[in-house]
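Just so it is clear, none of the values below were taken in a lab; they were calculated from the coordinates. Because the structure is a prediction, the values reported are computed rather than measured. Neighbour counts run over all protein chains shown; Cβ positions are idealised from the backbone, glycine included.
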Amino acid sequence: MGNQIKQLDAVIVGAGFSGMYMLHMLREKGFTAKVFEAGGSVGGTWYWNRYPGACCDVPSVYYSFTFSEKLYKNWTWSSKLPYQEEILQYLNYVADSLKVRDGIQLNTKVTSAVYNEQENVWNIKTSDGNEVCAKYFITAVGSLSAANTPSIPGMENFKGETYHTGHWPHEPVSFKGKKVAVIGTGSSAVQTIPVVAEEAEKLTVFQRTPSYVLPARNGKYPPGFVEDLKENFDGLQRQMNESPAGFPVESRVLRSALEDTPEERYENYKKAWEMGGWALGGVYYDTTTNDQSNEYASEFVRNVIRETVTNPKTAEMLCPTIPIWGKRLILGTNYYETFNRDHVDLVSIKETPIVELTENGIRTSDNFYQVDAIIFATGYDAMAAPIMKLDVIGRNGLSLREKWQDGLNVSTCLGITNVGFPNMFSVWGPQSPVFANIPKIIEINSEWVMDLIEYCRTNDIDVVETTDTAEAKWMNHINSVAEGTIFMKVDSWYNGANIDGMPKRVLTYLGDVLTYRKQFDDIAENGYRGFTLTGSKPTMTIREEMS
Ligand code: NA7
């Protein structure tokens with residue numbers, strides 16, 4: 001097989017935002033590269049997440065690539081918050097504009113990637129039985145791509161249709177005249193429930209933890225808004241680069257909720273609620289840092305739920321008891337109103353857990369619900385799982401899964417590299433920012449990796465690997481940022497405890513994008529401090545630690 005194996009400069013896994021941008025840049029700089037994509041088309045997350053109502057919660061004008069003025073200006077979004085269908089169209093437009101399609105092999109999974117230390121190459125095997133080797137191995141697999149389907153006794157007995165929001169079929173799905181169950185009440189469920197309710201004969205929602213759902217108030221941009229942004233493209237880039245979230249959000253009142261009277265607080269929350277989107281989260285600066293402030297905002301939302309949902313028992317079941325913003329805030333449209341419809345029911349599986357699935361329904365501890373279809377809106381084994389699934393083996397035969405103890409002990413440097421895995425990079429990998437506009441993070445990561453690869457070429461460097469000290473420093477940093485925050489108090493995909501049986505741990509970077517970016521800049525400006533760069537010439541070995 002040896003000499004039949006094709007040697008490339010880089011192999012990239014995944015053809016979403018990250019994979020396509022990496023491929024584009026590598027080719028522009030004269031490197032040979034290839035993308036393997038499991039899906040039947042480009043799009044990544046937006047290829048798979050095509051459940052009814054799937055929508056992004058970052059405004060479309062920012063949820064776009066901004067590295068190219070031409071690319072930006074030649075696309076116009078139709079609504080403030082883009083729906084899945086349009087994002088997928090956008091990513092196809094990106095693929096065509098950047099002319100990257102011929103570098104992407106679709107319907108092909110990477111089944112293993114093994115680092116060969118003698119040859120300094122990654123040997124990559126794919127599901128079509130082929131093997132390719134490359135100097136650089138780049139994962140661009142997204143952090144919310146490994147679907148989590150809970151194991152429920154009797155699942156194999158259920159004869160009806162089952163779906164997972166993260167792996168929605170590509171053929172049309174009709175719920176007309178059907179009794180449908182939705183399990184889960186996170187972002188995906190909140191988006192799909194009102195849409196499925198339009199069609200289903202009966203909809204039963206099985207809720208474990210109620211969510212805070214803020215009104216999305218989606219719609220068209222005001223006339224001239226998009227044109228002005230395009231006209232002032234430099235200003236747009238600056239705004240995004242200077243924003244702690246990678247896109248401008250409604251500014252926070254520089255005041256604590258404790259400084260206002262109850263009437264003032266109510267007025268401020270109400271204004272934000274009417275404005276919609278993320279506004280409520282920014283009314284006071286201390287909503288996530290002061291328990292009392294948090295409780296004021298939480299209670300405001302609970303009161304809206306009580307006013308909106310006519311059945312008082314259902315309303316109380318929908319009222320969250322966790323602190324607001326402990327999990328990612330959710331934007332929804334007609335979510336609470338949907339529970340006023342006669343054919344929509346809510347079941348608290350915290351009070352009456354699901355005991356089993358039978359041939360034709362769901363049995364809880366106190367009832368049986370006959371259903372024709374079950375939609376699992378049960379989220380993802382987030383951040384580390386998508387990379388672990390690739391079966392990556394680094395230096396000395398150590399697998400990433402082993403190093404990360406099956407996800408229990410994930411450790412990276414900057415979310416992008418790992419000791420023991422030379423010349424391997426992950427774009428938006430575990431321990432990257434999550435309070436962020438992800439396409440912006442993808443640009444930051446990809447451009448930095450590209451610069452490093454170019455630096456290696458210019459300086460005859462063959463092997464680039466982070467150091468134990470640099471990795472430990474990043475781990476200390478992300479742990480200290482996370483410690484004591486509200487985000488570590490509630491089980492969620494931010495901390496991995498959304499998966500049954502898994503403990504809370506730091507899987508994401510809970511700091512802001514500006515601090516994150518500064519770390520990258522500092523490393524690059526200091527000759528890639530914190531990395532071991534080994535060249536073919538012995539003098540090229542540089543060992544420095546991150547200060
Ligand atoms: P989420 O936000 O993780 O929500 C998953 C939902 O599924 C949530 O309500 C969970 O309840 C529920 N869930 C998970 N496991 C179970 C089991 N075993 N039994 C019952 N219910 C369960 O995933 P989404 O897909 O909605 O959104 C993920 C992100 O994608 C979102 O934050 C956006 O950034 C985009 P729980 O709350 O854990 O009690």
Practice task
Just order 221-227, 495-501 by mean Cβ neighbour count inside 10 Å, highest at the front, would you?
Solution key: 495-501, 221-227
Exercise for the section: Mind running the shape call on segment 96-139? Use the C-alpha gyration tensor, a ≥ b ≥ c as the square roots of the eigenvalues: rounded below 1.5 for a/c, prolate if a/b tops b/c, oblate otherwise. Expected result: oblate
Problem - Tilt relative to the chain, helix 84-97 - C-alpha long axis, 0 to 90 degrees, to 10 - result: 20
Exercise for the section: Compare the Cα positions of Gly160, Tyr72, Gln370 along the charge dipole of the chain (+1 at Cβ of Lys, Arg; -1 at Cβ of Asp, Glu; about the Cα centre) and return the one farthest towards the positive end. Expected result: Gly160
Completion exercise
Relative contact order of the chain (C-alpha contacts under 8 Å, at least 6 apart) in percent is 18
Practice task
Quote the FRET efficiency, to the nearest 0.05, computed for Asn479 versus Thr352 with a Förster distance R0 of 35 Å and r equal to the Cβ-Cβ distance.
Solution key: 0.40
Problem - Options Pro439, Ala497, Pro248, ranked by Cα towards positive dipole end of the chain, top entry (Cβ charges) - result: Pro439
Fill in the blank from the handout: Computed about the Cα centre, the charge dipole of the chain from +1 Lys/Arg and -1 Asp/Glu charges at the Cβ has a magnitude in debye, to the nearest 20, of 520
Completion exercise
For segment 187-226, listing GluC sites (Glu not before Pro) in a DSSP loop whose Cβ sees at most 10 other Cβ atoms within 10 Å gives none
Completion exercise
Computed for segment 47-162: size of charge dipole around the Cα centre, +1 on C-beta of each Lys and Arg, -1 on C-beta of each Asp and Glu, debye to nearest 20, value 260
Completion exercise
Gyration tensor on Cα atoms of the chain, a ≥ b ≥ c root eigenvalues, a/c under 1.5 rounded, else prolate if a/b beats b/c, else oblate, says prolate
Handout entry: Simple Cβ-charge dipole of segment 198-245, Lys/Arg +1 and Asp/Glu -1, about Cα centre, in debye nearest 20
Key = 260
Problem - Pairs beyond 20 Å (Cα-Cα), from Lys70/Lys230; Lys176/Lys350; Lys440/Lys518; Lys135/Lys473 - result: Lys176/Lys350; Lys135/Lys473
Practice task
Can you tell me the order of 368-375, 211-218, 291-298 when each peptide is scored by its average per-residue count of other Cβ atoms within 10 angstrom, highest first?
Solution key: 211-218, 368-375, 291-298
Fill in the blank from the handout: For the chain, longest principal axis from Cα atoms; helix 262-275 axis from its Cα atoms; angle between them, nearest 10 degrees, is 70
Handout entry: Angle in degrees between helix 291-308 and the longest Cα principal axis of the chain, rounded to the nearest 10
Key = 50
Fill in the blank from the handout: Taking every DSSP bridge whose two residues both lie in the chain, the antiparallel percent to the nearest 5 is 40
Completion exercise
Among trypsin sites (Lys or Arg not before Pro) in segment 103-180, those in a DSSP loop whose Cβ has at most 16 other Cβ atoms within 10 Å are Lys109, Lys159
Practice task
Return the whole-Å distance between the Cα centroid of segment 351-387 and the Cα centroid of segment 1-56.
Solution key: 33
Practice task
Identify, among Tyr335, Gly276, Pro312, the residue whose Cα sits farthest towards the positive end of the charge dipole of segment 237-367, taking +1 on the Cβ of Lys and Arg and -1 on the Cβ of Asp and Glu, with the dipole about the Cα centre.
Solution key: Gly276
Problem - Three-way shape label, segment 176-325, alpha-carbon gyration tensor, a/c 1.5 - result: oblate
